[in-house]
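Structure first, then comments.
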Amino acid sequence: MSFIDVSKLEYRKNVGMVLINAEGHIFAGKRLDNNTDAWQMPQGGIVIPKLWGGRYRGQKQKWFAFEFLGKDSDINIVTEEPEFSEWAWKSRDNLLSCVVPFKSDVYQRVFLELGHFVK
């Protein structure tokens, strides 16, 4: 096994979205790749697709808050490469209680910065 200096690895660019409906609830999707009741807000990489392959030490994320002005029927999670098995509008506390564990700290920080948009 060879030594990898993690401090020299780049961060993978990523963007996340806090999508808030008129009732002040947050859009969350239940992850397909997790056997537990793990939910998250939409996010994704914004660089040319490449396998991780030890190239990155983590993600550098930029988060945005958006107001959802559509109808629930406008939401479609059935895509070519689905990430979620179901979706729901959740309160901040409810979302934090069921978020995939490795995102918990990030979500706490996101809500410190953007939580004032949530009713």
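The values are calculated or read from the model by the stated rules, or taken from the named source; none is laboratory data. Values in this document were obtained by computation on a predicted structure and should not be read as measured data. Every residue, glycine as well, gets a Cβ built from its backbone with ideal geometry; the counts of neighbours run over all protein chains shown. Calculation scope for accessible area: heavy atoms of the full protein, side chains included, ligands and nucleic acids excluded. Shrake-Rupley method; radii C 1.70, N 1.55, O 1.52, S 1.80 Å.
Long-range amide H contacts for Ser91: which residues qualify at under 5 Å (H placed 1.01 Å from N, peptide plane, sequence gap of 5 or more or a different chain)?
Residues meeting the criterion, in which the H sits 1.01 Å from N, are Ile26.
Just to be sure I follow the definition: excluding the sites themselves, where is the longest run in the chain that has none of the chymotrypsin sites (Phe, Trp or Tyr not before Pro) in a DSSP loop with at most 15 other Cβ atoms within 10 Å? Walk me through the numbers on the way to the answer.
Details: sites that count: Phe3, Trp52.
Between the exposed loop sites, the longest stretch runs 53-119.
Which lysines, on any chain, are close to Lys8 with Cα under 22 Å apart, when same-chain ones fewer than 8 places away are left out?
Answer for Lys8, where 22 Å is the Cα cut-off: Lys50, Lys60, Lys62, listed by chain and number.
Would you tell me the accessible area of Asp93, worked out with a 1.4 angstrom probe on the heavy atoms of the protein chains, in Å² to the nearest 10?
Counting only protein heavy atoms, Asp93 exposes about 120 Å² to solvent.
With a 1.4 Å probe and all protein chains left in place, how much of the accessible area of the chain comes from carbon and sulfur atoms, in whole percent?
On the way: 4460 of 8290 Å².
C and S fraction of accessible area: 54 percent.
Using +1 at the Cβ of each Lys and Arg and -1 at the Cβ of each Asp and Glu in the chain, identify which of Val110, Tyr11, Val100 lies farthest towards the dipole's positive end.
Final value for the positive-end residue is Tyr11.
Suppose every Lys and Arg Cβ carries +1 and every Asp and Glu Cβ carries -1, with no other charges. What dipole size does the chain come out with about its Cα centre, to the nearest 20 debye?
The dipole magnitude comes to about 540 debye.
Using the Karplus curve 6.51 cos²θ - 1.76 cosθ + 1.60 with θ = phi - 60°, what ³J(HN,Hα) values do you get for each residue of segment 82-96, in whole Hz, with x for Gly and Pro?
x, 10, 10, 8, 7, 9, 7, 8, 10, 5, 4, 5, 5, 4, 4
Considering only protein heavy atoms, what per residue accessible area in square angstrom results for the chain with a 1.4 angstrom probe? Provide the component values of the computation, followed by the final result.
Values: 8290 Å² over 119 residues.
Ligands and nucleic acids excluded, the figure is 70 Å² per residue.
Which residues' amide hydrogens lie under 5 Å from the amide hydrogen of Ala65, considering only partners 5 or more residues apart or on another chain, with H built in the peptide plane?
Those lying under 5 Å, H to H, from Ala65 are Val18.
Angle between the Cα long axis of helix 104-114 and the longest principal axis of the chain, 0 to 90 degrees, nearest 10?
60 degrees
For every other residue with a beta carbon closer than 11 angstrom to the beta carbon of Phe68, add +1 if it is Lys or Arg and -1 if Asp or Glu, then tell me the sum.
Details: positive: Lys71; negative: Glu23, Glu67, Asp72, Asp74.
Combined, the nearby Lys, Arg, Asp and Glu give -3.
Quick check: convex hull of the Cα atoms in the chain, volume per residue, rounded to a whole Å³? Present the calculation step by step, with values, prior to reporting the outcome.
Details: hull volume 16.4 nm³, N = 119.
About 138 Å³ per residue, rounded to a whole number.
Of Val100, Val6, which has the most accessible area and how do the rest follow, probe 1.4 Å?
Accessible-area ranking of Val100, Val6, largest first: Val6, Val100.
Please calculate the 1.4 Å probe accessible area of Ile75, with all protein chains present, and give it to the nearest 10 Å².
So the heavy atoms of Ile75 present about 40 Å² to solvent.
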